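Report on one structure; see the data block that follows.
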Amino acid sequence: MDLLILVCHDESNKLTLNDLRKQNKSYLKSQNLKIFGQGNLHGKVKISGAKNSALVLLASSLLTNERIILENVPRLTDIEKMGNILKSLGIKLIQKNNRLEVDPKNISIKDLPYELVNGLRASFFCIGALLSKYGEAKVPLPGGCNIGLRPIDEHINGLQALGAEIIIEEGIVKARIKDETNKLRGTHIKLKCPSVGATETLIMAASLAEGRTTIENAAREPEIQDLCQMLNKMGAKIYDSGKEKIIIDGVNKLRGCTHKVIPDRIEAGTFLIAAAATSSSITISPVIPNHLEAVTNKLQESGSKITIKGNSITIKGKKIKGVDIETAPFPGFPTDLQAPFTTLMAIANGESKITETIFENRMNHVHLLNNMGANIKLNKNIASIKGVKKFKGMDLVGSDLRSSAALIIAGIIAEGTSRVYGLEHLDRGYENFESKLKILGIKITREFNKKTLTNKELKTNSDPADIPRYRAA
Ligand code: UD1
């Protein structure tokens, strides 16, 4: 992590993203995790701040001219990318360990640069804050060509309902407020699907709008509640976050504040699943146990013993039974833990069915698990699993964030040694993952290869071209 740490500490704007990309390219392609299999986890692990919260909290700092202090910010490449986007607008960022000071005093509104937004879907969520604070925003369409265009219609329709005029030209979403008052107008919005990002975009936009906005069929994810809590500290008037209908009374101005990011429920769930998959006993903290209820319920149903005490969860992995899961918006089973849970089910006793309902192309891990010895039949978004007794270790390439975690868990279970490549995905979303696994007793090391692997070499034996890429979560 040397390079990343160096970059996170950089307080100037001297490094361009192209510089970073050039460095990271060789840095990441030449690294892999070497995992000695048949590991067992034991002890305690500290859960980091939530990536998805921290990203949107950073975007919301665009709503004020005052200093925001964020605590418990995980050190991840996604956060670094969002930081670079804010820096490109003249915002000063000072990072000290997990504390990030955001000073928007010298902000100068410009179009968000394509190359920065393209690498991070969540950066599109800045559009609502920029529009309501500055009356206009030009933000490139999110995502990248390798995942295709994921819809942003809910964001756009909601902003239009609030009074924005929006056109999309040459891949840039250009939004401005029509009204001569230069303020968005509160309104009633009903989302077609409870999109997390759209709910966040619209909450930020409505916070500085004239009058009351209600968002029906809003997403209820904990990260949205975290955003609302921080905005309320800043002087916003948001009611009922965490419910299906959120009410926002617009205010004229928002002030600075200090806010601590909630614990990462997806990281927490990943460790619990890793423990269940290796019949291990670990304690994770800090967590907010009710954020993980759908996951702990399924782990219990599949045989693990779960004990909740305050902000910690202890799991004792036992004989694993096959159980079915279907991903759903919160409070349902999170799509972000579908891949790790599939690894667990692949070595369960009996059969199970995993149904992905949120995203279309989120089964990239299945063929790799099959290569390791799993017996999984994939029919569109339904994985039918017959549990096997063991996996064999091998070289693998993670092609998205959560499937990389699933492969690492598989490597820990497997007989022999595995190498997991594609760490640029893992490093987006898991802070010090291998160090934490090491603390829990897993033999895992990051290898720094002398030779930089080519794309072709990285694809060898585990990354068929017909599997669509996914890198949003
Ligand atoms: C967020 C999370 C991601 C998580 C996902 C679902 C962040 C940075 N990422 O992503 O980790 O997996 O929630 O819990 O917080 N949709 C539309 N129109 C829209 C927006 C979304 O149809 O305008 C659809 C999407 O295609 C998808 C579903 O809604 O099928 C959910 O997407 P959404 O909740 O928006 O996910 P993100 O906010 O991108």
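The values are calculated or read from the model by the stated rules, or taken from the named source; none is laboratory data. From a predicted model like this one, the values you see are computed outputs, not experimental measurements. FYI the Cβ positions are ideal-geometry reconstructions off the backbone, even for glycines, and counts take in every protein chain you see. Accessible surface is based on the protein model in full, side chains and every heavy atom, while ligands, DNA and RNA are left aside. Shrake-Rupley method; radii C 1.70, N 1.55, O 1.52, S 1.80 Å.
Laid out as a table, the results:
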{"quantity": "Contact order relative to length of the range 24-141, as percent, for alpha carbon pairs under 8 angstrom and 6 or more apart", "calculated": "25 percent"}
{"quantity": "Positive dipole terminus of the range 57-176, leading residue within 65, 172, 114 (C-beta point charges)", "calculated": "65"}
{"quantity": "Probe 1.4 Å, all protein chains present, accessible-area order of 111, 336, 153, largest first", "calculated": "111, 153, 336"}
{"quantity": "Computed over the range 50-260: relative contact order in percent, which uses C-alpha pairs under 8 Å that are six or more apart", "calculated": "20 percent"}
{"quantity": "Rounded if a/c under 1.5, otherwise prolate or oblate - the range 255-409, Cα gyration tensor axes", "calculated": "prolate"}
{"quantity": "Rg/Rh ratio calculated on Cα atoms of the chain (Kirkwood radius)", "calculated": "0.96"}
{"quantity": "Positive dipole terminus of the chain, leading residue within 398, 339, 388 (C-beta point charges)", "calculated": "388"}
{"quantity": "Å² of accessible area per residue within the range 42-200, as computed with a 1.4 Å probe and no ligands counted", "calculated": "39 Å²"}
{"quantity": "Over the range 50-260, equivalent-ellipsoid semi-axes from the Cα gyration tensor in Å", "calculated": "22, 20, 17"}
{"quantity": "Listed residues 134, 430 arranged by accessible area, highest first, probe 1.4 Å", "calculated": "134, 430"}
{"quantity": "Apportionment of accessible area to carbon and sulfur, the chain, percent (1.4 Å)", "calculated": "49 percent"}
{"quantity": "With DNA, RNA and ligands ignored, accessible area of residue 326 (1.4 Å probe; Å², nearest 10)", "calculated": "110 Å²"}
{"quantity": "Whether the range 63-115 is rounded, prolate or oblate, judged on the alpha carbon gyration tensor where a/c under 1.5 counts as rounded", "calculated": "oblate"}
{"quantity": "Global form of the range 155-198, assessed from the alpha-carbon gyration tensor, a/c cut-off 1.5", "calculated": "oblate"}
{"quantity": "Computed helical MRE - 222 nm, the chain, DSSP H runs ≥ 4 contributing -39500 (n - 2.57), nearest 500", "calculated": "-9500 deg cm²/dmol"}
{"quantity": "Dipole in debye (nearest 20) - the chain, about Cα centre, beta carbon charges: Lys, Arg +1; Asp, Glu -1", "calculated": "1200 debye"}
{"quantity": "Per-residue SASA entry for residue 238, accessible area with 1.4 Å probe, Å² rounded to 10", "calculated": "10 Å²"}
{"quantity": "For the range 245-293, projected area of the alpha-carbon convex hull averaged over all directions, nm²", "calculated": "5.6 nm²"}
{"quantity": "Amide H contacts of residue 178 (H built 1.01 Å from N, under 5 Å, at least 5 apart or other chain)", "calculated": "165"}
{"quantity": "Residue-level accessible surface for residue 240, protein heavy atoms, 1.4 Å, Å²", "calculated": "70 Å²"}
{"quantity": "Estimated FRET transfer efficiency (residue 180, residue 96; beta-carbon r; R0 41 Å; 0.05)", "calculated": "0.40"}
{"quantity": "167, 85, ranked by accessible area, largest first (probe 1.4 Å)", "calculated": "167, 85"}
{"quantity": "Lys, Arg +1 and Asp, Glu -1 on Cβ, resulting dipole of the range 50-260 about Cα centre, debye, nearest 20", "calculated": "500 debye"}
